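The values are calculated or read from the model by the stated rules, or taken from the named source; none is laboratory data. Just so you know, these numbers come straight off a predicted model, no measurement behind them. Cβ atoms come from the backbone with ideal geometry, glycine included; neighbour counts cover every protein chain shown. In case anyone asks, the SASA skips ligands and DNA or RNA and just uses the protein heavy atoms, side chains included. Shrake-Rupley method; radii C 1.70, N 1.55, O 1.52, S 1.80 Å.
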Amino acid sequence: MLLISDIKVPLGNMNLHFLTEAAARTMKVAPSEIRNVRLTKKSIDARRKDDVHFVCSAECEIKNPSTENRILARNIKNISRTSPYFYSVKKSKPLPHRPIVVGSGPAGLFAALVLAMGGQRPVILERGGDVNRRRAAVERYFADGVLDTVSNIQFGEGGAGTFSDGKLTTGTKDRRIRFVLEQFVRAGANEDILFNAKPHVGTDVLVNVLINLRARITSLGGEYRFFSQLTDISVTDGKLRSVTVTADGLNEIIPADNVILATGHSARDTFKMLYNRGIPMIQKPFAVGARIEHPQHIINTAQFGEAAGYPELGAADYKLAVHLPDGRGVYTFCMCPGGYVVAAASEPDSVVTNGMSLFARDGANANSALLVGVNTSDFGSGHPLAGVEFQRRIERAAFAYTHSPSAPAQLVGDLLDGRPSVCFGDTIPTYRPSVALGEISCCLPPFIAQSMRAGLLLMDRRLHGFARRDAVLTAPETRSSSPVRILRNDKLQSPAAAGLFPCGEGAGFAGGIMSAAVDGIKCAEMILEAFSD
């Protein structure tokens, strides 16, 4: 089988017939000599606004092996031999105790799946509810501002990524990525995530995907325990012995010698408990800022020119990053085309924002986080949990400003001019339950607001209209990544507690759905390897 890369596909020609003809021309063979063609990658090239097109790669099965050899002998740079992808899970003998997975976000989900496929019967502890009950609690919060501190945007089945965009882009180059994508498709995600350069599932689709993945894990012997929170661990002689789980106000001590800790980046009480139990952890830099919203058509035009609105292109995205003279970084993160800014608090008397979009990405606005890098030296303390308190101060200051779950908001033009906003322009914010116009500096440290001003102007040079005066900033965005790193050794276990596997984004070893899922798989593989036949 041959892989043909860098196939240019003009708009309006994204179909199997064109792809086959183009591949045949590249290989210098007749289309009839090709048995099968499969699209493996599709990206948009919009560098020239008068020539927006797709760039594709495709696997081609040639009917005659001698023809394939002849093609390879020509040494054409964008043609190479490839083979079908295959990932296998190693079976292992039963563990002394059932492995426990704490958290059902991407890391915990795929750790549990691989453990179950490997013949184990993992127990998945999730402090929040199943995805349907969680979705109901989130919708109530959006509607009336009453926060459920157990099931919310941060906690519950699927983790924080459930209410996002389901973005599956990653800078990680790992063979397990394909396995993760295939499992999402098997569970109901659109097949285009297997070839889109910037794949996404969409929050609305993710709900059913999670339900189907859960059903598969339980069919293999796994067990989900919702509304069950890890509240303590017992370690003796450097080895994990048991965990304490609290459910319905009752504590249960469960013998445990293999626990994958995939809590997510907002499990602040768990971080504190682990610290008190002597589990080594250190401060980790992260980023803070606000959500910025523009009319989606403005972004489409800026990115695609006259091709904007072409159905095959969909809603345009962007990714921007600049470095300021003082060395501070400003960048966009978790960009949601046609999406919504959402209320993402997990603690009372706090305001937190995040972004999400549905599969269709057909909302009126584009939004992304506009973030400023925060260094550990900004925390004001050397305590390992100082970053948590840094986040918390900002979130509580926002609540104190609005006296409600409403989020502080300010127009970009007013931020640049240093004055509070009093009315909206052409961008109507999507955050619910509501926003309170004023100044986002009410909750953000001065260096954050100053860096955002400078960053906006620099980013506007790269994406025309990014600093348009009517764009809306809704603050604060504080949960871009974990504020701690829970240390682990080369066996992926805590050096103070053998059998405890700090994992995923919450432990500081991932930065998104895909990298978290891959890290969960690695931890599961480590357990299976130790008990393999």
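Close amide H partners of G355, meaning residues 5 or more places away or on another chain with modelled amide H under 5 Å apart, are V342.
Show me the ranking of peptides 233-239, 72-78, 178-184 by mean Cβ neighbours inside 10 Å, starting with the highest. Before the final figure, lay out each step's value.
Details: 233-239: 13.9, 72-78: 10.0, 178-184: 20.6.
Descending packing order for the listed peptides: 178-184, 233-239, 72-78.
Dipole check for the range 70-156: with +1 at the C-beta of Lys and Arg, -1 at the C-beta of Asp and Glu, and the Cα centre as origin, the magnitude is about 860 Debye.
Pairwise Cα distances in the range 1-123 exceed 24 Å in 50 percent of cases.
Given Cα pairs under 8 Å that are at least 6 residues apart, what percent is the relative contact order of the chain? Before the final figure, lay out the partial values.
Working: 1284 pairs, mean separation 97.2, N = 533.
Computed value for the chain: 18 percent relative contact order.
Each Lys or Arg adds one and each Asp or Glu subtracts one; over the other residues with Cβ under 13 Å from the Cβ of E389, this totals +2. Candidates L458, L444, P483 compared by Cα position along the dipole of the range 378-503: farthest toward the positive end lies P483, with charges placed on Cβ. Roughly to the nearest percent, how much of the accessible area of the range 480-521 is carbon and sulfur, given a 1.4 Å probe? Using a 1.4 Å probe with all protein chains present, the range 480-521 comes out at 50 percent carbon and sulfur. Cross-link pairs exceeding 21 Å between alpha carbons, from the set K198/K491; K319/K522; K239/K272; K167/K319: K198/K491; K319/K522.
Ratio of alpha-carbon Rg to the 2.2 N^0.38 Å globular estimate for the range 291-450, to two decimals, please. Don't skip to the answer; put the middle values down first.
On the way: Rg = 16.7 Å, N = 160, 2.2 N^0.38 = 15.1 Å.
Scaled against compact globular proteins, the figure is 1.10.
Computed extension length for S234-A400: 55.9 nm, one decimal, from 0.36 nm per residue of separation with the Cα-Cα distance subtracted. Over the range 132-176, the Kirkwood radius and the radius of gyration, each from Cα atoms, give a ratio Rg/Rh of 1.15.
Only Cα sites of the range 25-93 enter the Debye sum here, all with the same form factor; the resulting log10 I(q)/I(0) across q = 0.20, 0.25 1/Å is -0.93, -1.18, listed in q order. Counting only protein heavy atoms and a 1.4 Å probe, the chain has 41 square angstrom of accessible area per residue.
Across the options G103, S5, A267, the greatest Cα extent toward the positive end of the charge dipole of the chain (unit charges at beta carbon of Lys, Arg, Asp, Glu) belongs to S5.
Note down the net charge around H294, summing +1 for each Lys or Arg and -1 for each Asp or Glu among other residues with Cβ under 10 Å from its Cβ. List each step's numbers first, then the result.
Working: positive: R468; negative: E293, D426, D470.
Net local charge, H294 excluded: -2.
Taking K and R as +1 and D and E as -1, what net charge do the other residues with C-beta under 12 Å from the C-beta of E126 add up to? Present the calculation step by step, with values, prior to reporting the outcome.
Numbers: positive: R127, R133, R134, R214, R225; negative: D130, E157, E223.
Computed value for this residue: +2.
Rounded to the nearest 500, the 222 nm mean residue ellipticity of the chain from helices alone is -9000 deg cm²/dmol, with -39,500 (n - 2.57) taken per DSSP H run of at least 4 residues. Listed values for the range 188-193 are Karplus-derived 3J(HN,Hα) couplings in whole Hz (6.51 cos²θ - 1.76 cosθ + 1.60, θ = phi - 60°), namely x, 6, 5, 5, 5, 5, and x replaces Gly and Pro.
Using only the Cα atoms of the range 457-533, what semi-axes does the equivalent ellipsoid have when each is the square root of 5 times a gyration tensor eigenvalue? Give whole Å, largest first. Let's see the in-between values first.
Working: eigenvalues 326, 38, 17 Å².
Over the Cα atoms of the range 457-533, the semi-axes work out to 40, 14, 9 Å.
By the gyration tensor of its Cα atoms, with a ≥ b ≥ c the square roots of the eigenvalues, what is the shape of the range 64-182: rounded for a/c under 1.5, prolate for a/b over b/c, or oblate? The shape class here is oblate. Which FRET efficiency value, to the nearest 0.05, do you get for E306 and R461 by plugging their Cβ-Cβ distance into 1/(1 + (r/R0)^6) with R0 = 30 Å? So, using R0 = 30 Å, E works out to roughly 0.90.
Note down the magnitude of the dipole of the chain about its Cα centre, charges +1 on Lys and Arg C-beta and -1 on Asp and Glu C-beta and zero elsewhere, to the nearest 20 debye.
Numbers: 60 positive and 52 negative charges, 304 e Å.
It comes to approximately 1460 debye.
For the range 388-533, the relative contact order is 22 percent, taking Cα pairs closer than 8 Å that sit 6 or more residues apart in sequence and dividing their mean separation by the residue count. Overall, the accessible surface of the range 148-223 at a probe of 1.4 angstrom is composed of carbon and sulfur to the extent of 49 percent. Its Cα centre serving as origin, the range 14-139 has a Cβ charge dipole (Lys and Arg +1, Asp and Glu -1) of approximately 380 debye. What the Cα convex hull of the chain gives, in volume per residue, is 158 Å³.
Within 10 Å, count the other beta carbons around each residue, average over each peptide in 104-112, 284-292, and list them highest first. Walk me through the numbers on the way to the answer.
Working: 104-112: 31.9, 284-292: 24.2.
Final packing ranking: 104-112, 284-292.
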